[in-house]
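To start, the structure under review is shown below, and the notes come after it.
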Amino acid sequence: MNHSSSLSIPSLQGAFSGRVIAPGDAAYDEARAIFGGGFNGHPAVIVRAADAADVVKVVKLARETGLPLAVRSGGHSGAGHSTTEGGIVLDLRDLKSLDIDTDRRSAWAGAGLTAGEYSAGVGAHGLATGFGDTGSVGIGGITLGGGIGYLSRKHGLTIDSLLGAEVVTAAGEIVDVSGASHPDLFWAIRGGGGNFGVVTRFHYRLHPVDQIVGGMLMLPATPETIAGAVQASENAPDELSAIINVMPAPPMPFIPPSHHGQLVVMILLCCAANAEDGTRAIAPFRALATPIVDMVRPMRYPEIFPPEDGSYHPKAVGKTLFIDTVDRDVAGTILDHLGRSDASMRVVQLRVLGGAMARIPRDATAFAHRDSRMLAVVAAFYDGPEDRPQRAAWTEASAGALNQGRSGAYVGFMMDDGEASVRSVYPDATWNRLASVKDRYDPNNLFRLNHNVPPVRQATA
Ligand SMILES: Cc1cc2nc3c(=O)[nH]c(=O)nc-3n(C[C@H](O)[C@H](O)[C@H](O)COP(=O)(O)OP(=O)(O)OC[C@H]3O[C@@H](n4cnc5c(N)ncnc54)[C@H](O)[C@@H]3O)c2cc1C
């Protein structure tokens, strides 16, 4: 049902402290764009909340009008959940407060901050909370999904550093959520996505992370370099995380032209250690082959998030799964599949997990895949509707070839895979607990534009 005609934009404009943007406004097209270029939603209204009170009002508006409600922080949802056709976008990007308590080593951060902005702010004090590999990703979405990145092996997932949050519930209440207050909700928001309410502020633990050794190392792509990079990651100290991308070399000026378009192993490295220890930890990667490009160097942690081009909106399809091993045979399969596609960009990404994130009990948070050894992502760019099915079939087949029988997936990397896939992300016990928390805090499924966990009542109806 379309209730957008029930919205009176002029009266909404006076009702919020933040900006109200509607079709026809000069700012509308820019405001409705999200990172993924494959999504082109035309919301009936976008409210850029200025504070938690605005968020409460938007939640009430969505309830009263029945319009779909999309919640947006950094706008990087791979499923396009942060926009909607004809609904309401609750845009949190202006919530950029950052209150740092260096004595207690914690920070309250507005949900509109990006990982890069947050890291630069706390990094000025030689402190950090781990997020992912990309600075423009919002702390909102990545935290609620779990948060796997450069510090996961040393300090755990992002959620393992989450001390609490301020949440606006579907009933329009502002609640403080932590281990001591609404512990069921605190458990659910650590891995259960945006199902349970709108987080306006996150309270994070800060870790002393200042000098690191990090950057990009590019090697020729052979079964030996791929399997060797995985083995080096497994043998590395917890301080080191490697994100191994097997992909065609992009036509970047720092890559020799003879490699452009050829398959390479692009490894993003981060070792949270001083120059000497970090360089020693990275040596086994450098020893795998003569590097095509070696940009790994001592740096301050926030520099691991270089400036990005805001006009970059790739259209991508992808599949994600957990796997156990990448030996030379599996590496050969990866190269074989990448060789079968002519997509302008196609990638198999491998992240060796373990370390601190694996030392948390699996039922402590809604992210339950603590014993998973490796995260794999298969993705391809497409140009438009004409080649999307072909690219999707390739990602499906390539991910199928990598499947080693592990169940579950990382919700943060899911695309729009449908209800059955969302269900398969979570083990039964986690799913049932999520559904009962949903029942309690969002029984009418107001927050459904997400990797949805329906309330028990709705699921059984
Ligand atoms: C280029 C790129 C790199 C990535 N790298 C990593 C990585 O290294 N590690 C990793 O773990 N993930 C990574 N991701 C995945 C990323 O964590 C998820 O896509 C995440 O949801 C994006 O968060 P966002 O706030 O930018 O997105 P949005 O699109 O703004 O939000 C995504 C969804 O999360 C929910 N949500 C967001 N904020 C809130 C909030 N404050 N309250 C309630 N619900 C909310 C909503 O359902 C929303 O639709 C990457 C994604 C991209 C596109």
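The values are calculated or read from the model by the stated rules, or taken from the named source; none is laboratory data. Keep in mind that what you see is a predicted model, and the values were worked out from it rather than measured. Heads up, the Cβs are rebuilt from the backbone with ideal geometry, glycines too, and the neighbour counts pull from every protein chain shown. To get the accessible areas, we keep the full protein, side chains included, count just its heavy atoms, and leave off ligands, DNA and RNA. Shrake-Rupley method; radii C 1.70, N 1.55, O 1.52, S 1.80 Å.
In region 398-432, whose amide N lies under 14 Å from the spot 7 Å out along Cα-to-Cβ of SER344? List them in ranges.
Within reach of a label on SER344, which here means backbone N under 14 Å from a point 7 Å along Cα→Cβ, region 398-432 contributes nothing.
Between GLU64 and SER181, what's the calculated FRET efficiency when r is the beta-carbon distance and R0 is 25 Å? Round to 0.05.
0.35
Under 17 Å Cα-Cα from LYS57, which aspartates and glutamates qualify once same-chain neighbours fewer than 8 residues away are excluded?
Cα-Cα hits under 17 Å: ASP91, ASP94, GLU166, GLU173, ASP442.
In region 384-461, if the dipole is taken from +1 on Lys/Arg beta carbons and -1 on Asp/Glu beta carbons about the Cα centre, which of PHE413, ALA435, PHE447 is farthest to the positive end?
Checked the options; the winner is ALA435.
With a 1.4 Å probe and every protein chain left in place, work out the accessible area per residue of region 321-398 in Å², rounded to a whole number.
42 Å²
Which value in nm describes the separation of the simple spin-label points at ALA124 and GLU173, placed 7 Å from the Cα toward the beta carbon?
Roughly 3.7 nm, to one decimal.
Which longest run of the chain has no exposed loop site in it, a site being chymotrypsin sites (Phe, Trp or Tyr not before Pro) in a DSSP loop with at most 16 other beta carbons within 10 Å, and the site itself not part of the run?
1-253
Would you calculate a helix-derived [θ] at 222 nm for the chain, using -39,500 (n - 2.57) for each DSSP H run of n ≥ 4 and dividing by the full residue count, to the nearest 500?
When only DSSP H runs of four or more count, the value is -8000 deg cm²/dmol.
What is the distance, in nm, between label points placed 7 Å from the Cα along the Cα-to-Cβ direction at HIS313 and at THR333?
3.7 nm
Pull out the extension gain between ASP324 and ILE360, defined as 0.36 nm times the separation in residues minus the alpha carbon to alpha carbon distance; nm, one decimal.
Roughly 11.1 nm would be gained on extension.
Assuming R0 = 30 Å, what is the FRET efficiency of GLN13 and ASP428, from their Cβ-Cβ distance, to the nearest 0.05?
0.05
How much FRET efficiency would the formula 1/(1 + (r/R0)^6) give for GLU234 and GLU396, where r is the Cβ-Cβ distance and R0 is 30 Å, rounded to 0.05?
Efficiency, rounded to the nearest 0.05: 0.65.
Check cross-link reach from LYS60 to the lysines: straight Cα distance under 28 Å, and skip same-chain residues fewer than eight apart.
Of all the lysines, those that pass the test against LYS60 - Cα under 28 Å, at least 8 places apart if same chain - are LYS96, LYS438.
Rounded, prolate or oblate for region 325-461? Axes are the square roots of the Cα gyration tensor eigenvalues, ordered a ≥ b ≥ c, and the cut-off for rounded is a/c under 1.5.
Verdict is oblate for region 325-461.
Using unit Cβ charges (K, R positive; D, E negative) and no other charged atoms, how large, in debye to the nearest 20, is the dipole of the chain about its Cα centre?
Using Cβ point charges on Lys, Arg, Asp and Glu, the chain gives about 540 debye.
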